[in-house]
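To start, the structure under review is shown below, and the notes come after it.
The values are calculated or read from the model by the stated rules, or taken from the named source; none is laboratory data. Note that the structure is a prediction, hence the values are computed from the model and not measured. Here the Cβ positions follow ideal geometry from the backbone for every residue, glycine too, while neighbour counts run over all protein chains shown. Just the protein is used for accessible areas: all its heavy atoms, side chains included, with ligands, DNA and RNA removed. Shrake-Rupley method; radii C 1.70, N 1.55, O 1.52, S 1.80 Å.
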Amino acid sequence: MTEIHTPWWQSGVLYQVYPRSFSDSDADGNGDLQGIIDRLDHLEWLGIDGIWLSPITLSPNADWGYDVADYCAVEPDLGTIELFDALVAGAGRRGIRVLMDLVPNHTSEEHLWFVDSRSSKTASKRDWYVWADATAEGAPPNNWVSSFGGPAWTLDATTGQFYLHNHLAEQPDLNWWHEDVRSAFDDIFRFWLDRGVAGFRIDVCNIIIKDKQLRDNPPATEDDDFEAQLFGQRPVYNGNRPEVHDVLRRWRRLTDSYDGSRALIGETPVKVDVLARYYGDGSDELHMAFNFPFITSPFEAETLRGIVEETEELLPLGAWPAWTGSNHDMSRFASRWGEGNPSKIGAAIVMLLCLRGTPVLYQGDEIGLGDRAVGHEDMRDPLGVLYFPAYAGRDAMRTPMPWRDAPGGGFTDPGVASWLPIGDTGPCNVEDQRSDPRSILHLTHDLIALRRETPELQTGAYESVKAPDGVWAWRRGDHMLVALNLSEGDATLADVEGRIRIGTDRQRDDEVLRGVVRLHPWEAVVIDTR
Ligand code: NOJ
Ligand code: MG
């Protein structure tokens, strides 16, 4: 039989680091690259194969790094390019790869490209951004709404034209119809790939191309999703345009030309049928695409199973899913799915680590860290500042990582004010959980280890198994069975022979099953049916 080689990004587990909140090595209150280097032991022990670094490039931080002023320079708060190289090397020695976050849809208004572009209508980079005249009534060129709310256009006094921004006015959108923009990004890709990065997470990669004619979006109808209803329009012309696939194919060719071991993972906040398109033919666009219907699903067996089955069905042959429950934009799953209940959090960890596809953990997920309320006076996210109290923004999922139960949380020195408050650490911290074999941290660690030694859990096919209401069970490959009781009542799954490898009730590890498995509310088990 021919042996099929599984790429590392399929067999492995990814981990998102939000650098400013991971670990602060120089006691200035900001996490930094040296801090990540100092914590590589933790990631190696956990069994992580790759880290996705949220942006570390130069930024005035209107949107905390997602407004890039120079794609090839490191933000001084976070470190230097030498430290970045040291991080890639140090991680590499531990078998951990590093993926960058690439933000191609927009730059910072301080990027020199935009400084030039806005300077005059004849500037050499004028067409690198999207400029248009006001309507006859002096209104913005069309009705597009920014995904951060309000018009997607801002009038620029220097030339009297509007520029497009799908996020903050400080984040002007690039014009991806322009070949020079495309080739400038090819160079940025190469700059980092040549430095040894293992690939990129690509920010809002589904919206980079907009309708060339800048047509108005149609009004939302009651069939549209929450966001469309909120904005009053269906985003037909300012995102998910067919031409975006040309750019993705270009990036895929470039990435694959690097020894075939680098990967692209797209931020694709779309429904599953649209998501499937971003995989192209299964091998010519994104290697992986984040599944937002899954992240935003309630923690219910029927709904989650439906999303996973739909994903399995609609993704093209050869395409590889990615599963995640938290990130720096969404509420953490320990709060949203887990509601602080360790049983629920454990079941969610089992789910994330046992589906077919790459699990992407967000820093803190491994200890079941939940959202931390951040008061109005401490808010840093522009969305929180703008929309409080209607919306508190994204700071609650960006608070510093609690390494120890001590002032500063092991994140920074005692007495230093961290950029976002760490709050009372309490028992949810790495050090205390490391010394407790029953902790969420050990559950995460042990599941990752089991996954590493069990090819079925890495690449085995997914198949739903008939289960009572509230229970979601699935097979992986020939001999692994995963069962989650996502209900408040006891449940029984019939026709199960085998041995529990890991259960959220750790006393059940190794329990032999003869015919049935009984599950307490929110209990999950991973069974070897041989
Ligand atoms: C998605 C990023 O994850 C988010 O943090 C950012 O604000 C927007 N894209 C704009 O770049
Ligand atoms: Mg620092």
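Run through the DSSP bridge list for the chain and note the antiparallel percent, rounded to the nearest 5.
60
Within the stretch 67-164, which trypsin sites (Lys or Arg not before Pro) sit in a loop by DSSP and count at most 14 neighbouring Cβ atoms inside 10 Å?
On the way: sites: 93, 94, 97, 118, 121, 125, 126; in loops: 94, 118, 121, 125.
Passing both the DSSP loop test and the Cβ count: 94, 121.
Once you sort the root eigenvalues of the Cα gyration tensor of the stretch 112-164 as a ≥ b ≥ c, which label holds: rounded (a/c under 1.5), prolate (a/b larger than b/c) or oblate (the other case)?
Oblate shape, in that a/c is at least 1.5 and b/c is the bigger or equal ratio.
What ranking of 191, 22 comes out by heavy-atom accessible area, probe 1.4 Å, highest first?
Accessible-area ranking of 191, 22, largest first: 191, 22.
Whenever you get a sec, line up 472, 522 from highest to lowest accessible area (probe 1.4 Å, protein heavy atoms).
On the way: 472 0, 522 25 Å².
Heavy-atom accessible area, descending, gives 522, 472.
For the stretch 25-41, take each phi angle, set θ = phi - 60°, evaluate the Karplus expression 6.51 cos²θ - 1.76 cosθ + 1.60, and give the result in whole Hz per residue in order, putting x for glycine and proline.
3J(HN,Hα) across the stretch 25-41, in whole Hz: 7, 10, 6, 9, x, 10, x, 7, 5, 4, x, 5, 4, 4, 9, 4, 4.
Magnitude of the Cβ-charge dipole of the stretch 112-164, K/R +1 and D/E -1, about the Cα centre, nearest 20 debye?
140
Counting Lys and Arg as +1 and Asp and Glu as -1, what is the net charge of the other residues whose Cβ lies under 14 Å from the Cβ of residue 29? Could the numbers behind the result be given before it?
On the way: positive: 20, 380, 398; negative: 24, 26, 28, 32, 77, 378, 413.
Spelling it out: positives minus negatives among the neighbours equals -4.
Just flag the GluC sites (Glu not before Pro) in the stretch 206-292 sitting in loop per DSSP whose Cβ has no more than 12 other Cβ atoms within 10 Å.
Sites meeting the loop and neighbour criteria: 222.
Is the stretch 96-243 best put as rounded, prolate or oblate by its Cα gyration tensor, with a ≥ b ≥ c the root eigenvalues, rounded for a/c under 1.5, and otherwise prolate when a/b is larger than b/c, oblate when not?
oblate
Leaving ligands, DNA and RNA out of it, work out the accessible area of residue 100 with a 1.4 Å probe and give it in Å² to the nearest 10.
Accessible area of residue 100: about 10 Å².
Out of residues 5 or more away from residue 56 or on other chains, whose amide H comes under 5 Å of its own, with H placed 1.01 Å from N in the peptide plane?
101
Place +1 on the Cβ of every Lys and Arg and -1 on the Cβ of every Asp and Glu in the chain, take the dipole about the Cα centre, and give the residue among 361, 57, 18 whose Cα lies farthest towards its positive end.
Going by the charge dipole, the pick is 361.
Name the residues whose placed amide hydrogens come within less than 5 Å of the amide hydrogen of residue 198, ignoring near sequence neighbours (fewer than 5 apart) on the same chain.
Here the answer is 98, 99, 100, since their amide H atoms fall under 5 Å of that of residue 198.
Specify whether the C-alpha gyration tensor of the stretch 315-382 places it in the rounded, prolate or oblate class, a ≥ b ≥ c being the square roots of the eigenvalues: rounded for a/c under 1.5, otherwise prolate if a/b is larger than b/c and oblate if not. Please report the intermediate quantities before stating the final value.
Details: a/c = 3.38, a/b = 1.62, b/c = 2.09.
It comes out oblate by the Cα gyration axes.
Could you work out [θ]222 nm for the chain from helices alone, using -39500 (n - 2.57) per DSSP H run of at least four and dividing by all its residues? Round to the nearest 500 deg cm²/dmol.
So the helix-based figure for the chain works out to -7500 deg cm²/dmol.
What ³J(HN,Hα) values, in whole Hz, does the Karplus curve 6.51 cos²θ - 1.76 cosθ + 1.60 give for the stretch 49-65 when θ = phi - 60°, with x put for Gly and Pro?
Each residue of the stretch 49-65 in turn: 9, x, 10, 9, 8, 4, x, 10, 8, 3, 7, x, 6, 4, 10, 6, x Hz.
Using a simple spin-label model with points 7 Å from Cα along the Cα→Cβ vector, what separation in nm is obtained for residue 230 and residue 44?
4.2
Non-local amide H neighbours of residue 161 (under 5 Å, H modeled in plane, Pro and chain starts lacking H): which ones?
Distant-sequence amide H within range of residue 161: 156.
Taking the Cα centre of the stretch 112-164 as the origin and placing charges on Cβ (Lys, Arg +1; Asp, Glu -1), which of 161, 114, 144 is farthest toward the positive end of the dipole?
So the residue furthest toward the plus end is 114.
Dipole magnitude of the chain about its Cα centre, charges +1 at Lys/Arg Cβ and -1 at Asp/Glu Cβ only, in debye to the nearest 20? Don't jump to the answer; show the numbers that get you there.
Values: 49 positive and 85 negative charges, 179 e Å.
Dipole of the chain, to the nearest 20 debye: 860 debye.
For the chain, how many pairs of lysine residues have a Cα-Cα distance under 25 Å, where the two are 8 or more positions apart or belong to different chains? If you can, show how the numbers build up before the last one.
Values: 121/210; 121/212; 125/210; 125/212; 210/271; 212/271; 344/466.
Count of close lysine pairs: 7.
Karplus couplings for the stretch 392-397 from phi (6.51 cos²θ - 1.76 cosθ + 1.60, θ = phi - 60°), rounded to Hz, Gly and Pro as x?
8, x, 10, 5, 4, 9
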